[in-house]
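To keep things clear, I will list the structure first and then write my remarks on it.
Derivation of every value follows stated rules applied to the coordinates shown; laboratory data play no part. Worth saying up front: this structure is predicted, and the values here are computed from it rather than measured.
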Amino acid sequence: MVIDSHHHFWKYSAAEYGWIADDQTVLQRDYFPKQLHAELNAAGVDGVVTVQARQTLEETDWLLRLAAVNDFLRGVVGWVPLTDPEVGADLEVFSDDLKFVGVRHVLQGEPDDRHCLRSDFLRGVAELGRFRLAYDILILERQLPAAIELVDQFAEQVFVVNHIAKPRLAAAELEPWATRLRALAERPNVYCKVSGMVTEADLGAWDRGTLQPYLEVVLAAFTPRRLMLGTDWPVCLLGVTYTDWIALLRDWCAAWSPDEQARFLGGTAVEAYGLDR
């Protein structure tokens, strides 16, 4: 089984997706399950985990409704207001749906790099365990120290690092990202998505060699047991097609043992998100 652990849907509007730049015309359109299903068939992918792109309860509800009528949508990582004292009520409602498997907040967009350590945010994360929900960590590499502090407060909580914590690929800088990521990976309850790398590189000049040092770091840090394949479609289209990214990752893991490949290509995502429940 091959699971794409990270992709998005949206009905595009400039007002609601202000993070999409004026020159990113490929993203300035609607992306729905029909388009993704065609990509999956071409790439030999069996299922996907859908991740929030807007920080609204309405979007979380919409994604779950899409998952209800599209079997290949195996899980949804939605958004809830973690800093709200009543966030437990929202989690109660969404957790009635078994495809609600995780929560994400766009920490990379917060002006305070230590936003995840606010007492109200920590209280919200503490609620996730009651519902067996993962927390997706979306950060820039400079926010890794705060992420380590966050994880250290929740030894039983499943955490999933998005986009290998966004190293400075375009600048060809490994440090301090590599040292900090290795430290985060020492926590056994942390998984990592190999996704979102191309859009951190020079879009017009990257190749497999550009990515290789970073791939080596994440492999050594997490091992295949805690790594999962992800595409970040449609954002990845800024620099690579869906099928080409899947092919690159298949080639990367081709020399691994069958069990290691099975973990990376799908098993890790099933475990981390409880997709078999």
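Binning the C-alpha pair distances of the chain at 10 Å intervals from 0 yields a P(r) profile of 7, 31, 39, 21, 2 %, listed from the shortest bin outward. Calculated translational diffusion coefficient of segment 144-266 (10 °C, 1.306 mPa s; Stokes-Einstein with Kirkwood radius over alpha-carbon pairs) equals 107 µm²/s. Separation of segment 41-70 and segment 6-34, taken as the distance between their Cα centroids, equals 14 angstrom. The HN-Hα couplings worked out from phi for segment 69-80 by the Karplus form 6.51 cos²θ - 1.76 cosθ + 1.60 (θ = phi - 60°) are 10, 9, 4, 6, 7, 7, x, 10, 9, x, 10, 9 Hz, whole numbers, x standing for Gly and Pro. In this structure the amide hydrogen of A134, modeled in the peptide plane, comes within under 5 Å of the amide hydrogens of G102, V103, none closer than 5 places in sequence on its chain. Note on segment 73-89 and segment 119-135: Cα centroid distance 9 Å, given to the nearest whole angstrom. In segment 19-62, one over the average inverse separation of all distinct C-alpha pairs is 12.7 Å, which is the Kirkwood hydrodynamic radius.
In the chain, helices alone account for a calculated mean residue ellipticity at 222 nm of -10000 deg cm²/dmol, with every DSSP H run of four or more residues adding -39,500 (n - 2.57). A cut-off of 5 Å between modelled amide H atoms, ignoring neighbours fewer than 5 places along the same chain, links Y191 with F159, V160, V161. Please state the relative contact order of the chain as a whole percent: Cα pairs under 8 Å, 6+ residues apart? Dividing the mean separation by the residue count of the chain yields 20 percent. When all alpha carbon pairs of segment 1-78 are counted in 5 Å bins from zero, the resulting P(r) reads 3, 15, 26, 23, 18, 11, 3, 0 %. For segment 115-121, the Karplus equation 6.51 cos²θ - 1.76 cosθ + 1.60, evaluated at θ = phi - 60°, returns couplings of 4, 5, 9, 4, 4, 6, 5 Hz by residue, with Gly and Pro reported as x.
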